[in-house]
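First up is the structure itself, then whatever we jot down about it.
The values are calculated or read from the model by the stated rules, or taken from the named source; none is laboratory data. This structure is a prediction, so every number in the text was calculated from the model and none was measured. As a convention, Cβ positions derive from the backbone with ideal geometry for all residues, glycine included, and neighbour counts pool all protein chains shown. The accessibility values were calculated without ligands, DNA or RNA, using every heavy atom of the protein model including side chains. Shrake-Rupley method; radii C 1.70, N 1.55, O 1.52, S 1.80 Å.
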Amino acid sequence: MTTETPAAAVDGGAPAAARPRWRLARSAVLVAVFVCAACGLVYELALVALGSYLIGDAVGQASIVLGVMVFAMGVGALAAKPLQSRAAAAFALVELVLALLGGLSVLGLYAAFAWLDLYGPALVGTAFVLGLLIGAEIPLLMVMLQRIRQQSAGSAVADLFAADYVGALLGGLAFPFLLIPVFGQLKGALVVGAVNAVAGVALVCTVFRAELSRRARVAVGAGSVVVALCLGYAWITAADFEVTARQQLYRDPVVHAERSRYQEIVLTRSVREVGHADTDLRLFLNGDLQFSSVDEYRYHEALVHPVLNGPRGEVLVLGAGDGLAVREILRYPDVRRVTVVDLDPAVVALARSEPQLRELNGDAFADPRVRVVNVDAFGWLRSATDRFDVVVADLPDPDETATAKLYTVEFYALVRAVLADGGRLVVQSGSPYFAPRSYWSIEASVREAGFATVPYHVDVPSFGDWGFVLAAPGAAPPPLALPADAPRLRFLTAGTLASAANFPADRGRLDVPASTLLRPRVLEYARVEWRGY
């Protein structure tokens, strides 16, 4: 069976010498498909990543973006049917609009989040429009490819989708490994928008120039100028826009901001009261408050000192890259070594270098007893061979998929495996007042991993009522008490600690199930309970 019409029949009887021309044109179309597919996938990933950074629900954001975009792509494919008679001009228009909206999508959504509090509707609308335009590409390109040289439908589809899927692979790899590290999210989207516009316009104005009417050529040229000016202006003002939008999200002046490989790190500083000498230094990770220098000592004294009541020569700290928990641990001279496992080296680098933060943490990371390992805590525990007298789990709240695994039965079982005889564990566990199901699910997870637990809570004004879980392997819970040789503390006393184990009637123990890797219930609870705070 013949699958392709002979070249001579398509080219008006042109001899074989015409073959290089249509082959070159066909290759140009497939290159355009390749580039456009890469750009389209980057737009999708940019929306998912931005939602993960701003909202924290990576799975939910991915589901919304991908679901809406795939649906819209189907609608776009149908909507492209009436445009097929003028496929080249329509394709140029689609690519220019897609380049403009895709390139500005991150900027627009960030503005909607910072100023308008309309991120959810804006995300759905943006995903739908981008999906609509992406869906229109393939039908138009199919018509354009067939006008170069007639093929069977199967062969044409195979060629287009092969280029499309390979291009998607390029976009998927370029986004995390090239665009984000080199340009960042905002400028990375602008770069992709520019590439998208150049690819679409170049194809139409070279291979299909003869098919464009004079009016269409003027329209494509004018549209190209408008897109170039808009993307160029956005590129020039991107840095100022990001600073202004970021400041809108924080009450106090931002003194340091960076986007590490893992998260957005923001440090704010403000004078507490008019005429007052002290300042309030606050650290935010992905928008979540990590500490306030005004009252962080309450949190860290309650976290660290009860678990150090016993053998404490070898201490493992999971998280706590700000060095504040390490500061409290180092107040005991018999601590021989502190191993800090924190995923993000940028946080530790900030704690080592920022003058006021160094003063706050007592320059803890300069102490020779401290060893820092910048890896994922879950993976590190799986291969750990050392044994520790104390493990302090001071990890980010389980309100994201990436952190929820650090509050599971499996994780605490790994912690139990690295504890020496007589070892103890303490876990920062969120607020038993604002998020009671999350708190008691964490406590249940620790128990199910083979620990005897002592839940307790204290008041930290910046956070509210905040809870912890002290635990030891076996059936006997560790005593909730201060070490006999505890240093002088600013907040915690024996009486305060005794009352910390008492929970009011309206926030008593809840019978909720433990959280596991395959069923991260703590994530489900946290999303619901912290909504609106």
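A probe of 1.4 angstrom, applied to the heavy atoms of all protein chains, finds Val458 with accessible area near 10 square angstrom. The mean sequence separation of alpha-carbon pairs under 8 Å and at least six residues apart, normalised by the residue count of the chain, gives a relative contact order of 12 percent. The residues of region 440-519 expose on average 47 square angstrom of accessible surface per residue, using a 1.4 Å probe on protein heavy atoms. The solvent-accessible area of Lys187, taken with every protein chain present and a 1.4 Å probe, is close to 60 Å². Each part reduced to its alpha carbon centroid, region 371-417 and region 421-474 end up 15 Å apart. Summary of the geometry: region 145-166 and region 493-533, compared by the centres of their Cα atoms, lie 57 Å apart. Computed over the chain, the range of Cα coordinates on each principal axis works out to 99, 60, 46 Å, biggest value leading.
When the accessible area of the chain is computed with all protein chains present and a 1.4 Å probe, what percentage of it is carbon and sulfur?
Details: 14200 of 23370 Å².
Exposed carbon and sulfur together represent 61 percent of the surface.
Taking only Cα atoms, what is the 0 to 90° angle, nearest 10, from helix 58-79's long axis to the longest principal axis of the chain? It is inclined by approximately 10 degrees. Using the average count of surrounding beta-carbon atoms within 10 Å as a protection proxy, the listed peptides 169-181, 434-446 rank, highest first, as 434-446, 169-181. Rounded to the nearest Hz, the phi-derived 3J(HN,Hα) couplings of region 497-509 under the Karplus curve 6.51 cos²θ - 1.76 cosθ + 1.60 (θ = phi - 60°) are 5, 5, 6, 5, 7, 8, 10, x, 4, 7, 9, x, 4, where x marks glycine and proline. Summarising the amide proton neighbourhood of Ser260: residues at separation of 5 or more, or on other chains, whose placed amide H is nearer than 5 Å comprise Ile265.
Remark: region 255-264, residue by residue, has Karplus-estimated 3J(HN,Hα) of 9, 7, 8, 7, 10, 7, 5, 10, 6, 8 Hz, where x stands for each Gly or Pro and the curve is 6.51 cos²θ - 1.76 cosθ + 1.60 at θ = phi - 60°.
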